[in-house]
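Enquirer: Here's a structure for you.
The values are calculated or read from the model by the stated rules, or taken from the named source; none is laboratory data. Note that the structure is predicted; figures quoted are calculated from it, not measured. Note: ideal-geometry Cβ built from the backbone for every residue, glycine included; neighbour counts use all protein chains shown. We work out accessible area using only protein heavy atoms, side chains counted, and drop any ligands, DNA or RNA first. Shrake-Rupley method; radii C 1.70, N 1.55, O 1.52, S 1.80 Å.
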Amino acid sequence: QVQLVESGGGLVQPGGSLRLSCAASRADLNVYFMGWYRQAPGKQREMVASISRGGITHYVDSVKGRFTISRDNAKTTVYLQMNSLKVEDTAVYYCNLASGGFWPWGQGTQVTVSS
């Protein structure tokens with residue numbers, strides 16, 4: 001069973017940056033269409049960024065130009081670079097498949113943007 005472990009969250013002021021990491025317990029992560037999701041209190045989980053097997057990326061409008069999804073060379077970790085953070089980016093962030101169902105969700109990583 002695949003295990004996903006997210007890390008890198010924290011408390012940051014508006015305008016700050018964070019880099020989230022998602023490690024998966026399988027070496028062939030690069031063949032999968034992966035996404036970063038977030039869930040704010042009282043809201044549904046939404047996908048904010050995805051990266052295809054070929055490296056094509058997509059972003060929800062609210063994070064375009066500020067967030068960047070990427071993979072490392074070993075293809076076992078997916079990253080989310082978050083710049084120019086806003087208060088409304090506050091949420092628990094998760095990674096998972098971007099299509100075809102989901103692996104078991106990890107614990108997520110809390111991102112809090114506050115002055």
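Enquirer: Taking the stated definitions as given, is residue 50 of a type outside the set (Phe, Trp, Tyr), more than 14 Å from residue 5 (Cβ to Cβ) and assigned to a strand (DSSP E or B)? Don't jump to the end; show me each part of the working.
Expert: Details: of a type outside the set (Phe, Trp, Tyr): yes; more than 14 Å from residue 5 (Cβ to Cβ): yes; assigned to a strand (DSSP E or B): yes.
In short, yes.
Enquirer: Identify, please: which residue in segment 17-38 is surrounded by fewer than 15 Cβ atoms within 10 Å (Cβ to Cβ) and at pLDDT 95 or above and is, among those, farthest from the chain's Cα centre (by Cα)?
Expert: If we take residues in segment 17-38 being surrounded by fewer than 15 Cβ atoms within 10 Å (Cβ to Cβ) and at pLDDT 95 or above, then 17 is farthest from the chain's Cα centre (by Cα).
Enquirer: Being more than 17 Å from residue 109 (Cβ to Cβ), touching a residue at least 12 places away in the same chain (Cβ under 8 Å) and of a type in the set (Val, Ile, Thr) is the filter here; which residues of segment 17-73 pass it?
Expert: The answer is 31, 51, 57, 60.
Enquirer: Name the single residue that is least open to solvent (accessible area, probe 1.4 Å) among those in segment 78-95 being more than 12 Å from residue 36 (Cα to Cα) and of a type outside the set (A, V, I, L, M, F, W, C).
Expert: Step by step, filter segment 78-95, then rank; the result is 89.
Enquirer: I've got another one for you. Restricting to segment 44-69, and then to whatever is of a type in the set (A, V, I, L, M, F, W, C) and open to solvent by less than 70 Å² (accessible area, probe 1.4 Å), can you tell me which residue is farthest from residue 92 (Cα to Cα)? Working first, answer last.
Expert: Let us first name the residues in segment 44-69 that are of a type in the set (A, V, I, L, M, F, W, C), namely 47-49, 51, 56, 60, 63, 67, 69.
From the residues that got through so far, the ones that are open to solvent by less than 70 Å² (accessible area, probe 1.4 Å) too are 48-49, 51, 60, 63, 67, 69.
Values: 48: 12, 49: 14, 51: 19, 60: 16, 63: 15, 67: 15, 69: 16 Å.
Among those residues, the one meeting the criterion is 51.
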